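Comments concern the structure below.
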Amino acid sequence: MPQSLYDAWLASYEIAFPQNPDEDARQAVLDELTAQVLLAQGAEQNGYTVSDDTLDARIQQAAEDAGGEKALAAWQQANGFDAESFRDALRLGMASAWQRDWIASNVPDEVEQVKARQLLVLDEETANLYLGQLEAGAEFATLASIVDPVLGGDLYWFPRGYLTQPAVEEAAFALEPGQISEIIQSDLGYHIIQVLDKGMRPLSTDARSMLQHKASADWLTVQREQSEIEILLP
């Protein structure tokens, strides 16, 4: 990654976020550029490169969108770029975007999912009270409608990696339809889960989008751990 690209990104960041401390700005730019470089390297390994012709066409389109070459040059100057660093930034951005799309495309349309509902309370004493009532034969749906009158505790269908509380998700996938969990503690409180159904199902648009984002983040985490990243900046 050329020094000129880092300098341009840093200048652009400081223009956009003048209130942020210099050290925060430098770290934010380094993190984003490192991610883009790793993604671009992944794209190259997968056979994708940005040709000069493709890059020229994208720059021409950017000029047209800006209102002409002079307008684009003025925008570049106002945002910390020159023609060379803008070209480098576009090339890197196109390659990293391709790799993100490639990662997202590998998230399947259909995965194993669980349909469940929960009792979620803030203290363990109340959770134990409800668990005791369930063990004595109380209907889960009846208690859930008391605890959550709006949704009745419904978690709907969800795949692995979707819920914000991993312990709840793990417990749900460990149960069979009709089974009820023990009390599960999380950052939100105390949960009791009942699984209603389980099986392979198409992902909802929201779930697939979230899993695609998670897949990209997980991919970057692995690449950061496996790569030797050397920062050579003054």
Just checking, does the stretch 189-205 include any residue being touching a residue at least 12 places away in the same chain (Cβ under 8 Å), outside any strand (DSSP E or B), out of contact with any Asp or Glu (no Cβ under 7 Å at 6 or more places or on another chain) and closer than 30 Å to Gly42 by Cβ?
yes
Only one of (1) touching an Asp or Glu at 6+ places or on another chain (Cβ under 7 Å); (2) not assigned by TED's automatic domain parsing to the domain that holds Phe173 does not apply to Gly80, and that is (1)
Kindly indicate whether Ala116 is surrounded by 20 or more Cβ atoms within 10 Å (Cβ to Cβ), assigned by TED's automatic domain parsing to the domain that holds Ile193 and modelled with pLDDT of 95 or more.
yes
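Looking at Val150, is it aliphatic (A, V, I, L, M) and free of Cβ contacts under 8 Å to residues at least 24 places away in the same chain?
Working: aliphatic (A, V, I, L, M): yes; free of Cβ contacts under 8 Å to residues at least 24 places away in the same chain: yes.
Here the answer is yes, as Val150 does meet what is asked.
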So Thr49 fits all but one of (1) among the polar types (S, T, N, Q); (2) over 30 Å from Asn106 (Cα atoms); (3) in a loop (DSSP other than H, G, I, E, B); (4) touching a helix residue (DSSP H, G or I) at 6+ places or on another chain (Cβ under 9 Å); what number is the exception?
(2)
Within the stretch 145-188, of all residues that are acidic (Asp, Glu) and in a loop (DSSP other than H, G, I, E, B), the one surrounded by the most Cβ atoms within 10 Å (Cβ to Cβ) is Asp148
Could you check, for the stretch 219-234, whether at least one of its residues is within 25 Å of the chain's Cα centre (by Cα), more than 30 Å from Trp9 (Cα to Cα) and exposed (fewer than 12 other Cβ atoms within 10 Å of the Cβ)?
no
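The values are calculated or read from the model by the stated rules, or taken from the named source; none is laboratory data. Here the structure is a predicted model, which is why all the values come from computation and not from measurement. Note that we place each Cβ from the backbone using ideal geometry, even for glycine, and neighbour counts take in every protein chain shown.
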